[in-house]
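These notes concern the structure reproduced below.
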Amino acid sequence: MRKLILLTLLPAMSVHGAENATNAERTDTLREVTVTAIKQAESLNLQPIASTTLGEQTVDRYNITTMKDASELVPNFFMPDYGSRMTASIYVRGLGARMDQPAVGLNVDNVPVLNKNDYDIDLFDIERIEILRGPQSVLYGRNTMGGMINVYTLSPLRYQGIRLLEEWASHNTWRTAVGLYHKFSPKFGIGLDLHASATYGEQINLYTKENFPQQKHRADQAEQYAGKLKLAFLPREEVSIDNVVTFNYNRQGGYPYIKIGEKYVNYNDTCHYDRTSVSEGLTVQWRAPGFTLSSITGLRYLDDAMALDQDFTPESYFTLTQKQKEWTFTQDFIARGSKGKHYNWMGGIFGFLRHTRMDAPVTMLHDGIQNLIINKMPPMFAPQWDSDMFDLNSQFTLPVWGLAAYHQSEVKLDRWTLTAALRLDYEHSAMLYKSDATTGLTMKLPQAPMPVHMPLEEHMKGHLKQHFLELLPKVTATYRLPMREESNVYVSIAKGYKSGGYNTQIFSDILQNKLIPNMGGQEKPDYDVNTVTSYKPEKSWNYELGGHFSCAGGRVLTDLCAFYIDCTDQQLTVFPDGTTTGRMMTNAGRTRSVGAELSITARPSTRWDIRASYGFTDARFLKYTDYENGEQISYRGKVIPYAPRHTVFAAVEYRQPLPMWWFNGISFRVDCRAAGPIYWNEENSRRQDFYALPGASIALQMQKVSLDFWATNILNQRYDTFYFKSMGNEFTQRGHSRRLGVTLRYIM
């Protein structure tokens, strides 16, 4: 496939290189896309929102292939690599989530993606990406208290032609993409794109290399395949219909965790993550004088499987296999209109249904049985387990549905624009669970002359449910400055909301706890299903002051803001006290986050582009106590883990026209991404210091072909992207080392 595309591109490079080279000096505007989609009334730079728009050219220039590639490029937006595409954690302004409910929402072509397991997908043929920071709960609902990401792909009514991409990079990494866009008439067009990527991986699994040299011994190898079919139809002048069908397949080794003090990944059981997802999105708009009606319908199917060596060591303690199948249906009806020049309004009704079936057995292995169970029993019993392994089985059905109604009114008074919005959000969440364990052991009892066999069996079955009802207000005031270029300042107050849910990965611990009395032990108090499995919603109030400024004839654009977030019941991922086999979500009592953001984009001339951004966040616990070895610990004043205090990005690009018949020009870019410090635990005893990753690019521009030679982390900086502690052992995941690559693009 890759060779075929390359052979196709070679003649194109010579044919189109002879065409007119007047495009060498591009004069595209600094804000590459200003008109936003259905739920934004005006250009984002005119709205009282901290936002960044990454247009098509920016996506290509900075080689943004997944949302992780936009990390640090946007102030206070941090999306690290946590070992697999399942753990697509995003942190904005100190808010984030390692598991379960996301803190940042994602829409692709207006259709919401509700499960963050499906966030980390390859991007191709992107028209623009909008990243909104701060609570977007009024317009977008649950799980957007940290912000919102809107991804829009090319429409065949706005672009027609062929787009090809071929990329090679370090570690035997490659990417191939093909896009075909055709307009059959002024009212109907079809777009089709296919793309694939793979990497051999960086991290060696020492155990596999030494014991199975004939097998692939990279822990982080991966491959992805995806496709998209987009139909755009204008049956009447006032009606538009867009339908998008997507398919994504992912298979990767993943989870390259290294025990602190060692040099390599070193675990004996298989770790991998497989994912298949299919989505269907239908958007219909009807425009009439004075108002517009829109309908956005989404249907998504997710089928994924995760396998983990949960102790991440060469010993055989325990493994986890989690498989789930999920159907999601969403429906959003939006009406918007205006009355004169001074009043705009928008309202809508949103509903969703999400149904998940999950199997998540934990298998206890020889070393786990011996060290976690037998060695903790009195030696006089001389216990012997029936087998070297047994399963702690868990099956779940997780139905969630919700309804919401929202309204926003906007009044314009000379230079002032006042906005008030309100959303009423209801959600019903349930969990049907069935867990069991069947095993046994033989032991000596003082009163028995012979060893006694004791069967161990436990069965749990139940149905839990929760209801959440939230009123989410937002008020803003914007003042248009008396300047030649469009500039404004704004203030906003908004409530954010992240829904509650259930801990499924703690059931293996609950089962073990239920088995303890059968072995002469005592159960942990307050460790029943109701107490341990549910967690509450997370809520916040966001206070923000900011501005959007344009000067020098629109060649310099500046966005800045300051914010304060008061958060209650912040959701944190923790490992229960002791040598456990599960993890769980818990609620911190209260936290606060304060910070500022600055973005500057400048184009002194048609040959120079300068971009810089900086985000500062100080997020701390105000009220949070936990228990370790039975002792109460207060984390008041400690920094909230996993969110960086600083994010920095800077880039300078220069384009030089070339008077050659085969080249239009050449461009040079240097850039740097930086983040940190990042604290890894609540006690702040471990952290990743501030680190910087410089990069560079040299791109040859032809009429319809570009050849980009690029490098990231040029200095080969050693840094960690993840840390955790399990069973008394500490593990980290290393960030990507130096990468060199070349990207070939052809656009006809």
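Counting Lys +1, Arg +1, Asp -1, Glu -1, what net charge surrounds V400 among other residues with beta carbon under 12 Å of its beta carbon? So the environment of V400 carries a net charge of 0. In the chain, with Lys and Arg counted as +1 and Asp and Glu as -1 at Cβ, which of these residues, Y535, G351, P235, has the Cα nearest the positive end of the dipole, that is, farthest along it? The residue sitting most towards the positive pole is P235. Here the Karplus relation 6.51 cos²θ - 1.76 cosθ + 1.60, evaluated at θ = phi - 60°, turns the backbone of the stretch 610-616 into coupling constants of 10, 9, 8, 8, 9, x, 10 Hz, with x for every Gly and Pro. Sorting 445-452, 182-189, 406-413 by average packing, meaning the other beta carbons within 10 Å per residue, from highest down gives 406-413, 182-189, 445-452. Would you mind classifying the stretch 52-92 by shape? Square roots of the alpha carbon gyration tensor eigenvalues, ordered a ≥ b ≥ c; an a/c under 1.5 is rounded, otherwise it is prolate if a/b is larger than b/c and oblate if not. Taking the square roots of the gyration eigenvalues as a ≥ b ≥ c, the stretch 52-92 is oblate.
Can you give the helix-only mean residue ellipticity at 222 nm for the chain, where every DSSP H stretch with n ≥ 4 adds -39500 (n - 2.57) and the sum goes over all residues, rounded to the nearest 500 deg cm²/dmol? If you can, show how the numbers build up before the last one.
On the way: 6 runs with 45 residues, N = 748.
When only DSSP H runs of four or more count, the value is -1500 deg cm²/dmol.
Taken about its Cα centre, the stretch 622-706 carries a charge dipole of roughly 420 debye when the Cβ of each Lys and Arg holds +1 and the Cβ of each Asp and Glu holds -1. What separates the Cα centres of the stretch 384-427 and the stretch 640-663 is a distance of 36 Å. Relative to the dominant Cα principal axis of the chain, helix 2-16 is inclined by about 10°.
Let me know the charge dipole size of the stretch 122-209 about its Cα centre in debye, to the nearest 20, where only the beta-carbon of Lys, Arg (+1) and Asp, Glu (-1) is charged.
Rounded to the nearest 20 debye, it is 300 debye.
Charge dipole of the chain (Cα centre as origin; +1 on each Lys and Arg Cβ, -1 on each Asp and Glu Cβ, all else neutral): 1900 debye, rounded to the nearest 20.
Can you put M377, M585 in order of Cβ neighbours within 10 angstrom, beginning with the fewest? Please list the in-between numbers first.
Numbers: M377 15, M585 25.
If I rank by nearby Cβ atoms, fewest first, I get M377, M585.
The Cβ shell under 9 Å around E730 holds other residues with a net charge of +3, Lys and Arg each +1, Asp and Glu each -1. So for the stretch 367-421, taking the charge dipole from beta-carbon charges (+1 Lys/Arg, -1 Asp/Glu), which of I373, G402, F390 sits furthest toward the positive end? Among I373, G402, F390, the one farthest towards the positive end of the dipole of the stretch 367-421 is G402.
Going down the list K230/K323; K68/K230; K39/K339; K68/K412; K325/K434, which pairs span over 28 Å between their C-alpha atoms? Check vs 28 Å cut-off fails for K230/K323; K68/K412. Working note: Karplus 6.51/-1.76/1.60 with θ = phi - 60° gives the stretch 668-680 the couplings 10, 9, 10, 8, 8, 10, 8, 7, x, x, 10, 8, 9 Hz, where Gly and Pro are set to x.
Set against the labelled values (i) 50, 35, 26; (ii) 56, 28, 22; (iii) 46, 31, 25, semi-axes √(5λ) of the Cα gyration tensor in Å computed from this structure falls on (iii). Positive contributions from Lys and Arg (+1) and negative ones from Asp and Glu (-1), summed over other residues with Cβ under 10 Å from the Cβ of V244, come out at -1.
Each value in this text was obtained by applying a stated rule to the coordinates, not by laboratory testing. None of the values given here were measured: they were computed from a predicted structure. Cβ: placed from backbone, ideal geometry, glycine included. Neighbour counts: every protein chain shown.
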